[in-house]
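See structure below.
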Amino acid sequence: DRGQLKCADRVLAELSDVPLVLATSDGAKDDSALAKLSTRLKVPYKSCQSVAEMVGVIAQAASVMSDRYHPAVCAMALGRPLRLLNNRENTKMEGLRALNERQDFEGLQKLARNGLDAIRTHIASLAC
């Protein structure tokens, strides 16, 4: 048992024997803090420089904890268990949190397909 990951007195995650990897999709904002945390926790840290890198890290994860929108969407698309943390973009993250809590993986895929179909239909109507 590796204990708990905490922020102040708030428990963010129960740590098990599953390897923990810190990663970000925004190194400019996160590198300094996550590099220090990585050293303190003695776990790897990955600053993803491309979408492919981010997808690769998330695809290998047992679960994802994020306060970033795009990694969270990627985790949902890959069917990884997701814990969303609060950030300063409350409206966007609350919408994503609602989707994550109220839709199963197939439901999310259906919503995405329906959205793309609506966009295609609208674009096709403009071309006429």
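Here are some notes:
- Single unsatisfied condition, Lys36 versus (1) out of contact with any strand residue (DSSP E or B) (no Cβ under 7 Å at 6 or more places or on another chain); (2) at pLDDT below 85; (3) under 15 Å from Leu5 (Cα atoms): (2)
- Close pairs (6 angstrom Cβ cut-off, 6 or more residues apart or separate chains): among the polar types (S, T, N, Q) in the range 64-88, open to solvent by 30 Å² or more (accessible area, probe 1.4 Å) anywhere: Asn87/Asp67
- Across the range 50-65, the qualifying residues are those that are polar (S, T, N, Q) and modelled with pLDDT under 90, and the one among them that is nearest to Arg80 (Cα to Cα) is Ser63.
The rows are residues; the columns are (1) within 16 Å of the chain's Cα centre (by Cα); (2) exposed (fewer than 15 other Cβ atoms within 10 Å of the Cβ); (3) part of a helix (DSSP H, G or I).
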{"position": "Ser32", "(1), (2), (3)": "no, yes, yes"}
{"position": "Pro71", "(1), (2), (3)": "yes, no, yes"}
{"position": "Arg80", "(1), (2), (3)": "yes, no, no"}
{"position": "Asn86", "(1), (2), (3)": "yes, yes, no"}
{"position": "Arg97", "(1), (2), (3)": "yes, no, yes"}
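- Meets criteria (loosely packed, with under 14 Cβ neighbours inside 10 Å and either among the charged types (D, E, K, R) or more than 22 Å from Lys6 (Cβ to Cβ) (or both)) for Gln49: yes
The values are calculated or read from the model by the stated rules, or taken from the named source; none is laboratory data. Because the structure is a prediction, the values reported are computed rather than measured. Positions of Cβ are backbone-derived with ideal geometry, glycine not excepted, and every protein chain shown enters the neighbour counts. Just the protein is used for accessible areas: all its heavy atoms, side chains included, with ligands, DNA and RNA removed. Shrake-Rupley method; radii C 1.70, N 1.55, O 1.52, S 1.80 Å.
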